[in-house]
């Protein structure tokens, strides 16, 4: 959901970032990259450390070093996400296709975003027992959402449901970040190869 007032749109839109990633030979799209970075930050990865970049390389680029333009773009995006998650006005937004795209495309991107968020979050947070009921419920809801196979008509009801789910995810990510990521702020562990 592209919002022209969102601080994140100053870095890239879904389409521009997806096109950039494709031009750089990356297989992941903007929703997947954004979701994974959000999950890593919400799970406690420090944006000031470069460890998250090595981990992201393992997860999205077969352990290969990112080309310099990709590194720069990912670093900028990570800093922007971190600032948006810390913003007291809660301006954080998920990076998804704009509202003019067909609902099917938006739902697929949202599912990919959620799956990637869960991977990013799970890298540092494997035991949810110590978290609040709200965080555990949000993560459980995301797990269930990631499993869904949507087939919907492109109508007002589908749009309304989509916007409600995206808003729930947006608030859930901010909550996870405030309770876990901002409190833990650990470096991602990269000693293990993930592929």
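Taking 18 Å as the cut-off, the amide N atoms of the range 112-131 that come nearer than this to a point 7 Å along the Cα-to-beta-carbon line of residue 49 belong to 119-127.
Once you treat every alpha carbon in the range 59-156 as an equal point and sum by Debye, what is log10 I(q)/I(0) at q = 0.17, 0.19 Å⁻¹? Here the Debye-derived log intensity ratios amount to -1.09, -1.26. Across the range 7-184, the mean sequence separation of Cα contacts (distance under 8 Å, 6 or more residues apart), normalised by length, yields a relative contact order of 34 percent.
Of the two radii for the chain, the radius of gyration is 0.94 times the Kirkwood radius, both from the alpha carbons; that is the Rg over Rh value.
No value in this document is a laboratory result; all are computed from the given coordinates. Note that the coordinates shown come from a computational prediction; the quantities given were computed from them, not determined experimentally. For neighbour counting, all protein chains shown are included, and Cβ atoms are generated from backbone atoms with ideal geometry for every residue, glycine included.
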